[in-house]
Amino acid sequence: MPSRDIDAAWAALEALGRRPGATAIRPLFAADPGRFARFSRRAGDILLDLSKTAISNEALAALLVLARAAGVEGFRDAMARGEAVNATERRAALHMALRAPAGVAVRTGEEDAAAAVQGSLATMRSFVGQVHDGTLRGATGERFTDVLNIGIGGSDLGPAMAARALWTPAAPLRPHYLANVDAHAWEEVRARLDPARTLVLVASKTFTTQETMANAGLARAWLADSLGEGSVGGHLAALSTNLRATAAFGIAPERVFGFRDWVGGRFSMWSAIGLSLALALGWDAFARLLAGARTMDEHFLAAPLEDNLPVLLALTEVWHVDMLGCPARAVLPYDERLARFPAHLQQLEMESLGKRVTAAGLPAPRATGPVVFGEPGTNAQHSFMQLIHQGTTPVPVDFILVANPDHAHADSHRKLLANGLAQAEALMLGKDEDAVRAEMRAAGAGEAEIARLAPHRVFPGDRPSTTLLLPRLDAFTLGQLVALYEHKVASLGALWGINPFDQWGVELGKTIATRTEALLRGEAAAVSAATGPLAAEILRLQRAG
Ligand code: F6P
């Protein structure tokens with residue numbers, strides 16, 4: 001698509017964004033009581049409601065023109081075909097192949113990606129079966145009861161999030177996740193584990209990540225101390241693309257579950273990186289997770305843009321970030337089981353979209369990925385929602401609601417959902433000063449008190465939110481939900497013209513940390529005058545105990 005079409009599409013959109021009243025939501029509902037029906041869409045089990053945003057019919061049309069001009073469909077299809085859409089690393093981004101049905105051909109370059117995926121799934125499945133039926137046991141002959149996944153970033157967040165969402169006491173194994181190099185985390189997890197019954201998975205795409213290798217070393221020593229060096233191998237497995245490094249760590253080739261470099265870390269929970277899920281939840285649950293994601297893939301690939309949930313979520317983000325200047329977005333799952341979902345999205349979205357140059361290496365002409373943060377509702381209401389209701393900066397919210405709980409406490413669940421719906425409504429409706437004054441007067445407040453407090457009790461309203469509604473939370477619907485956000489990210493990459501699949505921004509800190517470690521051993525000079533004095537003070541405090 002010629003760049004003048006893209007420029008024209010942005011210009012048309014920006015003109016709409018500058019119009020007086022462009023942030024108003026209430027008049028849109030007043031003008032069209034059927035707005036919910038017009039601004040909500042379904043895909044698979046998920047309902048997406050965009051009605052409580054300030055996107056008008058005209059703005060939606062302009063956003064869709066932009067999506068077409070920016071080549072969202074072309075980028076999506078190139079991704080599905082296995083082209084090197086991750087241009088800076090000359091790699092494909094084939095996470096969709098990880099959940100493609102057997103028999104569907106997917107190639108990238110010379111490689112038959114579909115065959116690689118099916119082979120890897122078969123190996124994983126056989127291993128999981130042997131652990132579950134007791135063929136594979138710990139060194140003392142006991143069955144494995146616990147699986148510890150050691151990994152960080154994409155090698156932790158997706159599986160940890162899904163295990164938190166789906167694990168129940170009836171599941172085959174107890175899952176544990178260790179990420180931080182802070183050994184307090186290791187001490188905490190170790191206290192819950194019996195080495196004789198624990199299977200340790202070292203999850204690292206590169207098998208060089210400092211934190212993961214340090215923690216793997218601690219876990220390896222723990223196994224060796226408790227069970228003997230000769231027994232360690234039977235309690236270890238690796239999830240990695242780096243077979244040379246896994247061998248150097250002493251993990252037998254048949255205990256290495258590989259995947260390819262066309263699986264990005266934050267898109268990898270569907271690959272061997274998800275082995276902890278298959279072990280802890282059972283193979284059927286893992287297969288349902290993949291099937292759910294596949295449902296969303298099929299929708300993303302086939303649905304027209306105007307009905308395409310990931311594309312619509314991406315366009316809503318463009319509206320909020322680039323037209324309304326919102327620097328952040330909050331994600332509020334009204335479901336405790338999704339407590340780690342915001343953390344997963346933080347990496348998925350911010351590592352993908354936190355880019356200041358375009359895929360061509362030019363300065364990005366407008367704002368790209370916002371800060372993403374969140375907490376489960378209702379906890380969030382007693383934390384940061386004050387700012388979202390009354391702060392100076394509008395922060396759009398994604399509300400995620402689940403209609404049916406997996407418990408029998410209907411009253412609690414009704415309260416939970418009522419709070420989620422109420423927050424979205426309160427953000428939109430607000431409360432003006434006249435209403436505040438009338439309310440205070442009715443409650444018997446004097447005029448002086450009303451004048452003093454009324455400004456504090458005003459809610460500006462017209463604060464945007466989107467709502468995602470799931471019928472229930474299970475492996476199938478969770479797979480759909482995660483894939484929805486993955487495709488939203490890819491769509492935003494195309495819309496903003498940035499590469500959503502690389503993450504060069506994490507490198508500098510890693511390099512400096514290596515040198516700083518030497519500084520803290522007293523073996524190197526500080527990288528800058530900013531760190532030297534602090535490092536010296538740390539060393540002084542450590543000497544003082
Ligand atoms: O944070 C940077 C990063 O490279 C992520 O993209 C990745 O998910 C994480 O580190 C872990 O990497 P690895 O799986 O190679 O240990």
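The values are calculated or read from the model by the stated rules, or taken from the named source; none is laboratory data. Keep in mind the model is a prediction, meaning the values are calculated, not measured. Cβ coordinates were reconstructed from backbone atoms using ideal geometry, including for glycine residues, and neighbour counts include every protein chain displayed.
Please find, among Asp146, Asp77, the residue that is out of contact with any Gly (no Cβ under 6 Å at 6 or more places or on another chain), surrounded by 19 or more Cβ atoms within 10 Å (Cβ to Cβ) and in contact (Cβ under 8 Å) with a residue 24 or more places away in the chain. That would be Asp146, the only listed residue that is out of contact with any Gly (no Cβ under 6 Å at 6 or more places or on another chain), surrounded by 19 or more Cβ atoms within 10 Å (Cβ to Cβ) and in contact (Cβ under 8 Å) with a residue 24 or more places away in the chain.
The set of residues in the range 523-537 that are under 14 Å from Ala513 (Cβ atoms) and surrounded by 13 or more Cβ atoms within 10 Å (Cβ to Cβ) comprises Ala524, Ala526, Val527, Thr531, Ala535. Here Pro460, Pro464, Pro533, Pro455 are screened, and the one residue that is touching a Pro at 6+ places or on another chain (Cβ under 8 Å) and farther than 30 Å from Ala80 by Cβ is Pro464. Selection over the range 25-50 of residues that are more than 26 Å from Val402 (Cβ to Cβ) and either buried (at least 19 other Cβ atoms within 10 Å of the Cβ) or among the charged types (D, E, K, R) (or both) gives a count of 3.
Quick one: is Arg90 under 24 Å from Val482 (Cα atoms) and either out of contact with any Pro (no Cβ under 7 Å at 6 or more places or on another chain) or of a type in the set (Ser, Thr, Tyr) (or both)? Considered against the rule, which asks whether it is under 24 Å from Val482 (Cα atoms) and either out of contact with any Pro (no Cβ under 7 Å at 6 or more places or on another chain) or of a type in the set (Ser, Thr, Tyr) (or both), Arg90 comes out as no. Within the range 119-135, the set of residues being surrounded by 15 or more Cβ atoms within 10 Å (Cβ to Cβ) and over 13 Å from Thr198 (Cβ atoms) comprises Ser120, Leu121, Thr123, Met124, Phe127, Val128, His132.
Here is a yes/no grid of residues against (1) modelled with pLDDT of 95 or more; (2) within 22 Å of Asp322 (Cα to Cα); (3) under 28 Å from the mean Cα position of the chain (by Cα); (4) not basic (Lys, Arg):
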residue	(1), (2), (3), (4)
Val489	yes, yes, yes, yes
Lys510	no, no, yes, no
Glu517	no, no, no, yes
Ala525	no, no, no, yes
Pro533	no, no, no, yes
Ala544	yes, no, no, yes
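Among helices (runs of 4 or more DSSP H) entirely within the range 140-239, having at least 3 residues that are within 16 Å of the ligand (Cβ to nearest atom) singles out 157-166, 210-227. Against the numbered list (1) within 27 Å of Gly233 (Cβ to Cβ); (2) within 16 Å of the ligand (Cβ to nearest atom), Leu98 comes up short only at (1). Filter the range 241-279 for residues that are at pLDDT 95 or above and in a strand (DSSP E or B) and give the result. Answer for the range 241-279, where residues must be at pLDDT 95 or above and in a strand (DSSP E or B): Val256, Phe257. Could you figure out which of (1) in contact with a Pro (Cβ under 9 Å, 6 or more places away or on another chain); (2) within 13 Å of Glu486 (Cα to Cα); (3) not in a helix (DSSP H, G or I) isn't true of Arg294? Only one criterion is unmet by Arg294, namely (3).
Taking the criterion of being over 12 Å from Trp262 (Cβ atoms), within 25 Å of the chain's Cα centre (by Cα) and assigned to a loop (DSSP other than H, G, I, E, B), the residues of the range 82-138 that qualify are Ala100, Pro101. Between Leu468, Leu519, Leu478, Leu534, which is assigned to a strand (DSSP E or B) and over 29 Å from Ala360 (Cα atoms)? Just one listed residue meets the conditions, Leu468. A search for C-beta distances below 8 Å between a residue of the range 29-41 that is without any contact (Cβ under 8 Å) to a residue 12 or more places away in the chain and any residue that is of a type in the set (Gly, Ala, Ser) and in a loop (DSSP other than H, G, I, E, B), counting only pairs 6+ apart in sequence or on different chains, returns Ser40/Ser51. Residues in the range 280-288 include none that are closer than 30 Å to Ile55 by Cβ and modelled with pLDDT of 95 or more.
Report every pair of residues separated by at least 6 positions or lying on different chains whose Cβ atoms are under 6 Å apart, first residue within the range 333-352 and basic (Lys, Arg), second within 16 Å of the ligand (Cβ to nearest atom) and in a helix (DSSP H, G or I). Every condition considered, the pairs that remain are Arg340/Ala160; Arg340/Met161.
On inspection, Ala22 does not qualify as among the hydrophobic types (A, V, I, L, M, F, W, C) and either crowded, with 17+ Cβ neighbours inside 10 Å or assigned to a helix (DSSP H, G or I) (or both). Being among the acidic types (Asp, Glu) and more than 23 Å from Ala314 (Cα to Cα) is true for just one of Glu425, Glu439. Which residue is that? It is Glu439.
Starting from residues that are of a type in the set (Val, Ile, Thr) and more than 25 Å from Thr477 (Cα to Cα), keep the ones in the range 124-139 and report whichever is farthest from the ligand (Cβ to nearest atom).
Thr135
Looking only at residues in the range 245-264 that are of a type in the set (Gly, Ala, Ser) and surrounded by fewer than 24 Cβ atoms within 10 Å (Cβ to Cβ), the one that is nearest to the ligand (Cβ to nearest atom) is Ala245.
Taking the conditions exactly as written (on the phi > 0 side of the Ramachandran plot and more than 23 Å from the chain's Cα centre (by Cα)), does Gly233 satisfy them or not?
no
Out of curiosity, is Val357 within 15 Å of Pro500 (Cα to Cα), away from the ligand (no atom under 16 Å from the Cβ) and β-branched (Val, Ile, Thr)? When the stated conditions are applied, Val357 passes them.
Rundown of residues vs (1) over 19 Å from Ser491 (Cβ atoms); (2) surrounded by fewer than 17 Cβ atoms within 10 Å (Cβ to Cβ), yes/no style:
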| residue | (1), (2) |
| --- | --- |
| Glu349 | no, no |
| Pro365 | no, yes |
| Pro376 | yes, no |
| Ala380 | yes, no |
| Phe399 | yes, no |
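Based on what the data block shows, is Ala196 surrounded by 13 or more Cβ atoms within 10 Å (Cβ to Cβ) and within 28 Å of the chain's Cα centre (by Cα)? Against the criterion (surrounded by 13 or more Cβ atoms within 10 Å (Cβ to Cβ) and within 28 Å of the chain's Cα centre (by Cα)), Ala196 does not qualify.
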